[in-house]
Amino acid sequence: MSDQKLLLRSADALLIVDVQHDFLPGGALAVPHGDAVLAPLNRAIDLCAGQGVAVFATRDWHPIDHCSFKARGGPWPPHCIAGTPGAEFADGLRLGSDARVVSKGTEPGREAYSGFAGTDLEQRLRGAGVRRLVVGGLATDYCVLQTVLDGRRLGFDVVVLRDAIAAVDKRDGERALDEMAAAGALIA
């Protein structure tokens, strides 16, 4: 997608999902080629800054005993533990100081793939007058998928930036794109 194809409106927000060290190559739960999302996301951030469009960024912010970890019976290795280097946003992601950060997965016994799960994201978006979400981040087949589906269920228009997402599994990522499109999201 080129910059010219992303036409922003005043009621838009860029929503960056979980672009954190632990999800990048070399991280505790690395998404293959996860770092490839950085350049397109940075272009989108620059466009938003130039047009006064709000930027929101979700992050996994887990307690050390989170239910998603294998030691607690979950499917994943420990990752994005609050306050650790692995939970920090990617060094190459140019989030401005005005980016609004939403922490998810903060309760030990509650899973949260979606940026809306157990957070105030919906209220913050509505308070900012947002009607359309432009979404990119990690991982297509988990947190991006669930965030997009919840956004659609909550009545937001959603545009998924295809070149600004990466999947844990390529086939699951394609299925996730199909599912998002079937839910009414535009894949750009």
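Taken together, the values in this text are just the output of simple stated rules run on the coordinates, not laboratory data. This one's a predicted model, so the numbers in the text were calculated from it and none came from an experiment. Cβ: placed from backbone, ideal geometry, glycine included. Neighbour counts: every protein chain shown.
Over the stretch 86-161, calculate the relative contact order: mean separation of alpha carbon pairs under 8 Å at least 6 apart, over the residue count, as a percent.
Values: 70 pairs, mean separation 19.8, N = 76.
Once divided by the residue count of the stretch 86-161, the mean separation gives 26 percent.
The string of couplings for the stretch 112-127 from the Karplus curve (6.51, -1.76, 1.60, θ = phi - 60°) is 8, 7, 6, x, 8, 6, x, 10, 9, 4, 4, 4, 5, 5, 5, x Hz, one whole number per residue in order, with x for Gly and Pro.
Local charge for residue 113 was computed over the other residues whose Cβ lies under 12 Å away, with Lys and Arg +1 and Asp and Glu -1, and equals -3.
So how do 154, 41, 149 line up by other beta-carbon neighbours within 10 Å, fewest first? Walk me through the numbers on the way to the answer.
Values: 154 14, 41 27, 149 21.
Sorted ascending by nearby Cβ count, the order is 154, 149, 41.
With +1 on the Cβ of every Lys and Arg and -1 on the Cβ of every Asp and Glu, and nothing else charged, how large is the dipole of the stretch 82-142 about its Cα centre, in debye rounded to the nearest 20? Intermediate results must be reported in sequence, preceding the final value.
Numbers: 8 positive and 8 negative charges, 71 e Å.
Using Cβ point charges on Lys, Arg, Asp and Glu, the stretch 82-142 gives about 340 debye.
Only helical DSSP H runs with n ≥ 4 go in: add -39500 (n - 2.57) per run for the chain, normalise by residue count and round the 222 nm mean residue ellipticity to 500 deg cm²/dmol. Display every interim value, and only then the final one.
On the way: 4 runs with 43 residues, N = 188.
Mean residue ellipticity at 222 nm (helix-derived): -7000 deg cm²/dmol.
Between residue 153 and residue 10, the FRET efficiency estimated from the beta carbon spacing at R0 = 22 angstrom works out to 0.40. The Rg/Rh ratio of the chain, with both radii computed over alpha carbons and Rh defined as the Kirkwood radius, is 0.94. Please determine, in degrees from 0 to 90 and to the nearest 10, the orientation of helix 170-182 with respect to the longest principal axis defined by the Cα atoms of the chain, where the helix direction is its Cα long axis. Taking the Cα atoms of the chain, the angle to 170-182 is about 50 degrees. A cut-off of 5 Å between modelled amide H atoms, ignoring neighbours fewer than 5 places along the same chain, links residue 187 with 160. When both the stretch 150-173 and the stretch 6-30 are represented by their alpha-carbon centers, they are found 11 Å apart. Look at the dipole of the stretch 42-103 built from charges on Cβ: of 68, 58, 48, the Cα furthest out on the positive end belongs to 68.
When only Cα pairs below 8 angstrom with a gap of at least 6 residues are kept, the stretch 35-177 shows a relative contact order of 23 percent.
Which of the peptides 68-76, 175-183 is most tightly packed, and how do the rest follow, judged by the mean count of other Cβ atoms within 10 Å per residue? Spell out each step's value before the answer.
Values: 68-76: 13.7, 175-183: 16.3.
Descending mean neighbour count gives 175-183, 68-76.
With the dipole of the stretch 49-188 worked out from charges on the C-beta (+1 for Lys and Arg, -1 for Asp and Glu) around the Cα centre, which of 109, 90, 182 lies farthest toward the positive end? In the stretch 49-188, that residue is 182. This model, with +1 at the C-beta of Lys and Arg and -1 at the C-beta of Asp and Glu, gives the chain a dipole about its Cα centre of some 400 debye. The share of alpha-carbon pairs in the stretch 13-107 lying farther apart than 18 Å comes to 46%.
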